[in-house]
There are 2 protein chains.
Amino acid sequence: MDLLPGASGTSSSLALRLGQAFFAVASLLFMCFDVEFYSYTAFCFLVTIMALVIPWSLTLAVVDIFSLFVKHTARQPGILSIVVIGDWVLSFLALAASCSTASVTSILLAFGGSFCTKKICTRYQLSAAMAFLSWFLILVSSLFNLWLLPATL
Amino acid sequence: MDLLPGASGTSSSLALRLGQAFFAVASLLFMCFDVEFYSYTAFCFLVTIMALVIPWSLTLAVVDIFSLFVKHTARQPGILSIVVIGDWVLSFLALAASCSTASVTSILLAFGGSFCTKKICTRYQLSAAMAFLSWFLILVSSLFNLWLLPATL
C-alpha cells in the first residue's frame, strides 16, 4: 500500500492531530475562561464538541507516534473505518458548533452592549474562529483516511 | 463496475436529488414568503445556499433521468469528481447555513416577542429543519459517489 501523506500513521497525520487538539483547546479556553457561556445553548454545544475533539485527536496522535516509532502502520479495515467515521461525525459536529457560535455572537453584537461587552464578544468570536480551524483540520484528516479506506477493504 | 444504489445514474440517486431539491424549495418558501429575512446575515446565507442547492440537484436529477432512460451511466472520473466535490462543498455549506439559522432563531425566541412573533419564529424554525433535511440528503449522495470514485480512477 502506498504511503499517502496525511493518512493514519504518518508524520503529517500526527501534525494534523496535534493541530486539531491545539485549536480545540484554544477554542475551549477562549469560551470557558471567565465567561458565562452556559447562558446560550450554542456555546454549551461548542464546549461539548471541543471537549470531545481533544481526547479523540490526542488518542490518534498517540497512535501516530507509536506507528512512527515502531515503523509499522497497523491499517486494519475495521480500525480505519472507526477512525474515518469518528472523524466524519466530529467534523460535522465541529462545523455545526462553530457556525452556531459565530451566528449567535453576531446577533449578540448586533443587539449591543447589554448582552455582551466588546471584550467578551471578541472572545466568543475568537473561540468560533478556533473551532473553525479545528473543524478544517479534522476534515482534512477524514478525507485522507477515507481515500485510503477502499484500498484496505 | 457494480451498480451501487445511490450512486449517480441510478433510480435511488434520482430520488435523493429530487428530495434535496424539494426540501431546499420548502426551506426557501418558509424563509422568503412574506418574511423580512434580510435583516439577519444567517438568514441571507441560508437563502443563498438553498438557491444554489436547487439548480445543482435538479441538474443532476436530469442527468439521472437521462441515464435511466438510455440505460447507460457515463461515469468518467472527471465528471464524477466534479459531482463529488460539488456535493461535498454544498453539503458543508448547507449544514453551516441550517445551523446558523437554527441558532439565530433560538436566540430570537429567547429574546421574546419584540424581535420575532411566534408565527414568524415558527417559520424560521421550519425553514432550518427543511435545510437540515436537504443537507442530510446531499451528504448521502456525496457519500455514495465518493465511495464509487476510487473504482473509476
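Identify, please: which residue in segment B:89-107 is of a type in the set (S, T, Y) and more than 7 Å from every other protein chain (Cβ to nearest Cβ) and is, among those, surrounded by the fewest Cβ atoms within 10 Å (Cβ to Cβ)? Out of the qualifying residues, it is B:S91.
Residues satisfying the criterion are present in segment B:10-21 (criterion: part of a helix (DSSP H, G or I), among the polar types (S, T, N, Q), in contact with a Leu (Cβ under 7 Å, 6 or more places away or on another chain) and more than 18 Å from B:W88 (Cβ to Cβ)). Of the residues making up segment B:30-57, those that are of a type in the set (A, V, I, L, M, F, W, C) and either under 11 Å from the mean Cα position of the chain (by Cα) or in a loop (DSSP other than H, G, I, E, B) (or both) are B:F33, B:V35, B:L46, B:I49, B:M50, B:A51, B:L52, B:V53, B:I54, B:W56. Among residues of segment A:131-153 that are away from chain B (no Cβ under 11 Å) and farther than 18 Å from A:S81 by Cβ, those with a beta-carbon under 7 Å from a residue that is small (G, A, S) and surrounded by 22 or more Cβ atoms within 10 Å (Cβ to Cβ) at least six positions away or on a different chain give the pairs A:A131/A:S27; A:A131/A:A94; A:A131/A:A97; A:A131/A:S98; A:S134/A:A24; A:S134/A:S27; A:S134/A:A94. When segment B:112-128 is filtered for residues that are without any contact (Cβ under 8 Å) to a residue 40 or more places away in the chain and surrounded by fewer than 18 Cβ atoms within 10 Å (Cβ to Cβ), the ones remaining, listed by number, are B:G112, B:G113, B:S114, B:F115, B:T117, B:K118, B:K119, B:C121, B:T122, B:Q125. Among the residues making up segment B:34-46, those that are out of contact with any Lys or Arg (no Cβ under 8 Å at 6 or more places or on another chain) and surrounded by fewer than 20 Cβ atoms within 10 Å (Cβ to Cβ) are B:D34, B:E36, B:Y38, B:S39, B:T41, B:C44, B:F45.
Can you find a residue in segment B:73-86 that is within 12 Å of another protein chain (Cβ to nearest Cβ), without any contact (Cβ under 8 Å) to a residue 24 or more places away in the chain and not in a helix (DSSP H, G or I)? For segment B:73-86, residues within 12 Å of another protein chain (Cβ to nearest Cβ), without any contact (Cβ under 8 Å) to a residue 24 or more places away in the chain and not in a helix (DSSP H, G or I): absent. Among all residue pairs at least 6 apart or on different chains, which show Cβ distances below 9 Å where the first residue, located in segment B:30-46, is within 10 Å of B:I120 (Cα to Cα) and more than 14 Å from chain A (Cβ to nearest Cβ) and the second is among the basic types (K, R) and in a helix (DSSP H, G or I)? Close Cβ pairs satisfying both conditions: B:F30/B:R123; B:M31/B:R123; B:D34/B:R123; B:V35/B:R123.
A short reminder: the numbers here are calculations on the coordinates, not readings from a lab. Here the structure is a predicted model, which is why all the values come from computation and not from measurement. For neighbour counting, all protein chains shown are included, and Cβ atoms are generated from backbone atoms with ideal geometry for every residue, glycine included.
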